[in-house]
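Colleague: For reference, the structure I am asking about is given below.
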Amino acid sequence: MNSRMSGSEKALADLACDRIEDRDRPRLLIGGLGMGFTLRAALEALPDDAAITVAELVPAVVDWARGPMADLFDGCLDDPRVTLVVGDVSAVIAAKSDAYDAILLDVDNGPGGLDRDANDELYNASGLAAARAALTPRGVLAVWSAAPNDSFVRRLRTAGYTVEEHGAHAHRPGRGARHVIWLATRP
Ligand SMILES: C[S@@+](CC[C@H](N)C(=O)[O-])C[C@H]1O[C@@H](n2cnc3c(N)ncnc32)[C@H](O)[C@@H]1O
């Protein structure tokens, strides 16, 4: 994570929010918080009656957001639309069904090359089924990745999603490493 490269983290929110712009009182789940670029982009894109749950595993990340990095966060954690859960996003996903119009996952390097082995559970068949159950009909699972991953795309399709793959640059359009964002839609 660093604060100079935020283009693809923002694109994750922009692409997902665009897909749910027809929803009344849209409900979003974001995992994890990081430096909050995805959250702030979602807050910009969504209406006043939206509800955004952010799940962040590491308490220190929340402490930085409220402490030394408060300027960067610019009060976004105090926005009335935001509920912050300090915990594993997979537990938040498993706790509800038909609950979110979009689930945005940027918790690691993507479905390959995981920093945290336990996050594999988010991207395997049972994790994808849990996310599908937590989405509303036509809801979108948006997944950030540092690199393409054809076997993950196949896994998404096998799990019953319609899949679109987008490229997004790390800095801004056309600049920096090319990351990947999948939009997987529940039928
Ligand atoms: C790459 S950063 C997210 C960047 C974020 N999209 C942004 O805009 O700054 C990944 C974050 O996910 C958190 N994380 C990792 N595994 C998680 C999990 N299973 N549940 C919730 N948060 C997790 C990490 O602690 C880290 O804060």
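Colleague: Could you tell me whether region 21-149 comes out rounded, prolate or oblate from its Cα gyration tensor? Rule is a ≥ b ≥ c as square roots of the eigenvalues, rounded for a/c under 1.5, then prolate if a/b exceeds b/c, otherwise oblate. Present the calculation step by step, with values, prior to reporting the outcome.
Modeller: Details: a/c = 1.74, a/b = 1.11, b/c = 1.57.
It is oblate, given that a/c is not under 1.5 and a/b is not larger than b/c.
Colleague: Can you tell me what the convex hull of the Cα atoms of region 101-141 projects to on average, as an area in nm²?
Modeller: On the way: hull surface 11.0 nm².
Averaged projected area of region 101-141's Cα convex hull equals 2.8 nm².
Colleague: Could you provide, to the nearest whole Å², the per residue accessible area of the chain with probe 1.4 Å?
Modeller: Normalised by residue count, the accessible surface of the chain is 48 Å².
Colleague: Using a Gaussian network for the chain with springs between C-alpha atoms less than 10 Å apart, which of these wobbles most: Pro26, Pro137, Pro59?
Modeller: Of Pro26, Pro137, Pro59, the most mobile in the Gaussian network model is Pro59.
Colleague: If you take every DSSP beta bridge fully contained in region 64-187, what fraction is antiparallel? Give it as a percent rounded to 5. Don't skip to the end; give the middle numbers.
Modeller: Values: 15 of 20 bridges.
Beta bridges within region 64-187, antiparallel portion: roughly 75 percent.
Colleague: So what J values fall out for region 86-97 if you push phi through Karplus, 6.51 cos²θ - 1.76 cosθ + 1.60 with θ = phi - 60°, rounded to Hz, Gly and Pro as x?
Modeller: Residue by residue, region 86-97 yields 8, x, 7, 4, 5, 5, 5, 5, 5, 6, 9, 10 Hz.
Colleague: As a test of the formula, what do you get for the chain when each DSSP H run with n ≥ 4 contributes -39,500 (n - 2.57) and the sum is divided by the residue count, at 222 nm and rounded to the nearest 500 deg cm²/dmol?
Modeller: Mean residue ellipticity, 222 nm, calculated: -9000 deg cm²/dmol.
Colleague: Heavy-atom accessible area of Arg116 with all protein chains present, probe 1.4 Å, nearest 10 Å²?
Modeller: Solvent-accessible area, nearest 10 Å²: 80 Å².
The values are calculated or read from the model by the stated rules, or taken from the named source; none is laboratory data. Source: prediction; values computed, not measured. Quick note on the areas: whole protein, heavy atoms, side chains included, nothing else; ligands and nucleic acids left out. Shrake-Rupley method; radii C 1.70, N 1.55, O 1.52, S 1.80 Å.
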